[in-house]
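Notes to accompany the following structure.
Values quoted throughout were computed directly from the atomic coordinates according to the rules given, and no laboratory measurement underlies them. Because the structure is a prediction, the values reported are computed rather than measured. When we count neighbours, we look across all protein chains shown, and the Cβ atoms used for this are built from the backbone with ideal geometry, even at glycine.
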Amino acid sequence: MQISRRDLLTRAGAGFGALGLRSLFAGTGGLLEPRAPHFAPRAKHVIHLFLNGGPSQVDTFDPKPMLTKFHGTPAPGGNLKTERKTGNLLKSPFQFIPRGKSGIEVSEIFPKLGEHIDDICVIRSMHVDRPFHEPSLFMWNCGHQIAGHPSMGSWLTYGLGTANQNLPGFVVLCPGFPVVGPQLWTSAYLPGIHQGVHLPNNESQPERLIQHLRNQKLTPADQRRQVELIHQINKLHMDRAGADPQLETRIQSMEIAYRMQSEAMDAFDLSKEPEPIRERYGKGDFARGCLIARRLVERGVRMVQVYYGNSQPWDNHDDIMKHADLAQTSDAPMAALIADLKASGLLKDTIVLIGGEFGRTPSVEVSAIAKLHNGRDHNNHGFSVLVAGGGFRGGIAYGATDDFGFKAVDKPVHPHDLHATILHQMGLDHTRLTYRHSGRDFRLTDVAGNLVKDILM
């Protein structure tokens, strides 16, 4: 039985399934087609560089002279109450240096990123609700402390679609998995096509980064006929069984996979970058991820998330000196990414968000089993993140923690607030970007979130 595209669409039932199939068989991206924002946007893309594990604010972007002055003494009011036992105050082993015209002080472990501080907004008053990795990771990625809610990248492609129908709209680069893993880039109750596509950036060859993308035995024309036949069979199934969101997601995923053959290998082939550029980014998984992120937004991908590595590398409970080693392999690629985006003019359209799930205590962590007591415990009360591009003001330090860097005391910012502000720059009102599920309207910012206007141009 042969069914033409026109006949198939005519017979398709009303609703979501018909809409999705109509777009698919027209050769476009269906639910990933670009859509109009709520209002004129300042930005079109987001790159989230996630330093998973919790970088220490007092060793990176929040200098505290009082911490140095009172090093080795108890914190005022006694030892801090955190997840683990802490001892006396611990000064930073790193020097802070004023950088750029703004004179914002940056730790010596980030010399190259410091060169671009005038393009960066340093938010020093971030806070989250819990001092544990899992709920904080969920909050940053999905706007809730528990699993089962869509990630920010999924919300962005749901609200705006993506410009390039030959590539996924939301790409996640991590050698393996951070804590929690794929639930951090899930589409949850949004249509499955909005889920982030995870790729292992420890692979340097495009064919290994995206395995089994090209069929070595069939020509593109034969593959096209094969895909169309599968669509027809799927449609006949849906005519009998009714709409099936999972099946519709597979249909769209198959279309994207087919179209990716024409562009994905080129996008992920870093050998096409000049050697001097690759040298500026440096070596390693994170450097490769930052360079891929730049190439993807150049090609219209809506959001790219790059995790520093597996598990929680920045979770330095025993020795804060490990931060220097971590910075050595993250400083250059982050700086090169911002520099390249600015040189091409893309920084105006791209929000670059840098940070971890929380910060660390200004006091030393005390452990009965640790051989070295030179580290810091988790701190959800006050920490720093960086934002550049996309209409965010550069060269400013917003908000503040107390004299010792423990708690946000001036202009505190919650992830809900920063999410609302990022969506605003993308042309989306966070209170209107909703999805009806289980009897209520859900959104990235839950029932909270305030626009942080002072960090916008």
Can you sort Asp319, Asp417 by how many other beta carbons sit within 10 Å, fewest first? Asp319, Asp417
Hey, can you grab everything whose amide H is under 5 Å from the amide H of Val46? Only 5+ residues off in sequence or another chain; H modelled, so Pro and N-termini drop out. Met303, Val304, Ile351
Pairing the Cα long axis of helix 16-25 with the longest principal axis of the chain, what angle in degrees results, from 0 to 90 and rounded to the nearest 10? 80 degrees
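Highest first, please rank the peptides 166-174, 433-441 by the mean number of other Cβ atoms sitting within 10 Å of their residues. List each step's numbers first, then the result.
Values: 166-174: 25.7, 433-441: 12.1.
The densest-packed peptide leads the list: 166-174, 433-441.
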Which of Ser187, Ser363 has the fewest Cβ neighbours within 10 Å, and the rest in rising order: Ser187, Ser363
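Using a/c under 1.5 as the rounded threshold, could you call the range 392-457 rounded, prolate or oblate? The axes a ≥ b ≥ c are square roots of the C-alpha gyration tensor eigenvalues, and prolate needs a/b larger than b/c, oblate otherwise. Each step should come with its number before you reach the end.
Working: a/c = 4.36, a/b = 1.74, b/c = 2.51.
Since a/c reaches 1.5 but b/c is at least a/b, the shape of the range 392-457 is classed as oblate.
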Take Ser344, Ser384 and order them by how many other Cβ atoms sit within 10 Å, fewest up front. Ser344, Ser384
Do the alpha carbons of any pairs in Lys91/Lys411; Lys44/Lys217; Lys64/Lys85; Lys85/Lys322; Lys235/Lys348 sit beyond 32 Å of each other, and which pairs? Lys44/Lys217; Lys235/Lys348
Between Tyr189, Leu229, Ser204, whose Cα lies farthest towards the positive end of the dipole of the range 182-246 when Lys and Arg beta carbons carry +1 and Asp and Glu beta carbons carry -1, centred on the Cα centre? Leu229
Tell me which label goes with the value of Rg and Dmax of the Cα atoms in Å computed from the coordinates here: [x] 22.6, 69; [y] 29.9, 96; [z] 23.3, 83. [z]
In units of 2.2 N^0.38 Å, the Cα radius of gyration of the range 331-457 is 1.30
Applying a 10 Å radius around every beta-carbon, put 424-432, 134-142, 151-159, 197-205 in order of their mean neighbour count, most first. 151-159, 134-142, 424-432, 197-205
Rounded to the nearest 5, the percent of DSSP beta bridges in the chain running antiparallel is 50 percent
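Subtracting the Cα-Cα distance from 0.36 nm times the residue separation, let me have the gained length for Arg393 to Glu207 in nm, one decimal.
Between Arg393 and Glu207, full extension yields an extra 63.0 nm.
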Tilt relative to the chain, helix 331-344 - C-alpha long axis, 0 to 90 degrees, to 10: 60 degrees
Shape category assigned to the range 142-210 from the gyration tensor of Cα positions, a/c cut at 1.5: oblate
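To the nearest 500 deg cm²/dmol, what mean residue ellipticity at 222 nm is calculated for the chain from DSSP H runs of n ≥ 4 alone, each contributing -39,500 (n - 2.57), summed and divided by the residues?
Numbers: 15 runs with 144 residues, N = 457.
After summing the helix terms and dividing by the residues of the chain, the value is -9000 deg cm²/dmol.
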Computed over the chain: longest principal axis from alpha-carbon atoms vs helix 415-425 long axis, angle to nearest 10 degrees, is 50 degrees
